[in-house]
Amino acid sequence: MVTKKPKVVIIGAGMAGLTAANKLYTTAGSKELLELCVVEGGNRIGGRIKTSEVFGSRIEMGATWIHGIGGSPVYKIAQEINSLDSDKPWECMDELLDEPLTIAEGGYELNASLVEPISNLFKNMMDFAQGKAIEDGVCSEFVESYRSSNGCIRNGGLENLSVGSFLRKGLDAYWGSMKGQEESQGFDNWTRKSLEGRIFAMLENTQRTYTSAGDLQTLDFNAESEYRMFPGKEITIAKGYSTIVEYLASVLPASVIQLGRKVTQIEWQSDDHQSLDIDENGDVTKPVKLHFNDGSIMYADHVIVTVSLGVLKQGIDDNSGMFSPPLPRFKTEAISRLGFGVVNKLFLQLSPNRDEDGTDSMRFPYLQMVFHQSGSKLRHPRIPWWMRRTASLFPIYGTSNVLLSWFAGKEALELESLGDEEITDGFSTMISNLLENSKHLSKSHDLCSGHAESCIKFDKVLKSQWGSDPLFLGSYSYVAVGSSGDDLDTMAEPLPKRSNNSFNSKGSPPLQILFAGEATHRTHYSTTHGAYFSGLREANRLLKHYFFSDI
């Protein structure tokens, strides 16, 4: 009698899925005892990791940074496979060491004496939100005052406090500490206070891209301190982030990964809903039945679901029947409460600007952009709304003529719907307005001589579109107001839910559906290393189930 191997199907060939597959396949003895399959709805591996080679350089359309090199498994892999050095230029290869040039709408260059106090205030406020010690006097005084008047800030003392609200209260406290000082004029219609407020808004917009929260008023304050960063500098990967997932997949036989296999429904056997299938021999089939968009089916003993939180949200919101029976309430409530945002990158290739000797004189600054607030009559009418919460525009490395800008929230979604001409027209107008009066149109940053708008030209445009991609429906997760780190733990719980991995009294098989992905890691959500850790976690869960020890 031939005993069938338990079959493990992993849905999604991104970082989490490929890490789990790599671990299961390479662990001693497991490949002889387990049947493994990875099904991917798209036509490539990598998920939200996607390296491209365009404009003569290597760029990242998705995951970009190793967030701290001290202890990062991604950094360790990159070192082992020699991906940290390259002969070809790559995005942020010089780590953007140039000092930023901060320009306010109307073309007014802001000096460090105005920008740095606000930047320091913002940094200290975020440090406190993230549980770090702060030394700034004004910020410390505000925190102590806020704590005494509102009770303990953390540990449930202020439920539903958002990071956005906390930051704005800190700015108000800063202004309060400046009372009695003469309100100085900034430039023309800009007062010093209005400039400070919009510099603060610019920093908030950068934070939006870090967290994927389209509005920081929706980002939970209490959970912020649970998020963990690795120590050390943040770097990009010279040979591309895709080399990491390619390495993880390289150990797998070609037949294990099946591309173009989009799962439309997952049937499983809950304790209350059992409808076991019988095969042609009269035997009970495996407990999980997967339906694909081509009408085919596949049976499994265990399924590791690594789809994005955005796809899970759609699966419980539109009655699509993604899970049958539907996921239990504890799981759907966690999915609903957690946040999942959209962050997109836009690359613009500037047309060369030649000197008389034929050399390319173009050198674009690292530009930070300060815009008038919504509703202001002073706003330039031709700078479109979708650009006004974009914080920066800069070369992908110091001498590159390819510029990069990050978008978050509704502006990121709007960007996805725009044509190239509409995008380049908007940026040409914006650059003209910001840099026309700046000394950085002089020879040191020769964009052109004369009127900027007439000579800012773009050859190519490339943008990511994570929000509209049906395989992702967004970029990465965050802990929203009303949710907590507990929801991230709940995301990681396998189904059926029980205190151990044994059969229950009704005979429902254990560990039918397991969950991995960045949105299932309490302290490293939103990161590739969080996805990596989650893939290891679920692989080890199955290995422990079959081999009775963590491997």
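Coordinate-derived values only; no laboratory data. These numbers were taken from a predicted model, which means no experiment stands behind them. Cβ atoms come from the backbone with ideal geometry, glycine included; neighbour counts cover every protein chain shown.
The table below gives the values:
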read-out	value
Under the Karplus curve 6.51 cos²θ - 1.76 cosθ + 1.60, θ = phi - 60°, whole-Hz ³J(HN,Hα) for the stretch 237-245, x wherever Gly or Pro sits	9, 4, 8, x, 4, 4, 5, 5, 6
Computed FRET value (nearest 0.05) for ARG379 with HIS545, which takes r as the C-beta separation and R₀ as 45 Å	0.15
Residues with amide H under 5 Å from that of ILE10, placed H, sequence gap 5 or more	CYS37, VAL38, VAL39, ILE304
Other-chain or far-sequence residues with amide H under 5 Å of SER475's (modelled H)	GLY341, VAL342, VAL343
Label point 7 Å beyond Cα of LYS123 along Cβ direction - residues of the stretch 198-237 with amide nitrogen under 19 Å	198-211, 229-235
Exceeding the 18 Å Cα-Cα cut-off - candidates LYS410/LYS463; LYS5/LYS286; LYS50/LYS233	LYS50/LYS233
Under Karplus coefficients 6.51, -1.76 and 1.60, residue-wise ³J(HN,Hα) of the stretch 400-410 in Hz, glycine/proline x	7, 9, 9, 9, 10, 9, 9, 10, 9, x, 5
Net charge of neighbours whose Cβ lies under 14 Å from the Cβ of TRP386, counting Lys and Arg as +1 and Asp and Glu as -1	+2
Cα→Cβ-extended label distance, 7 Å offset, between LYS179 and THR523, nm	4.2 nm
Spin-label pair ASP94/SER320, simplified geometry with 7 Å Cα→Cβ offset, distance in nm	4.4 nm
Integer Hz, Karplus 6.51/-1.76/1.60 couplings in order for the stretch 111-122, x for Gly and Pro	7, 4, 5, 8, 7, 5, x, 6, 4, 5, 4, 4
Built amide H within the under 5 Å cut-off of VAL481, gap 5+	LEU219, ASP220
Eligible lysines near LYS262 by straight Cα distance, threshold 16 Å, same-chain separation 8 or greater	LYS289
Cβ-Cβ FRET estimate between SER351 and LYS262, R0 fixed at 30 Å, reported to 0.05	0.15
Inter-site label distance for THR285 and THR206 at 7 Å from Cα along Cβ, in nm	5.5 nm
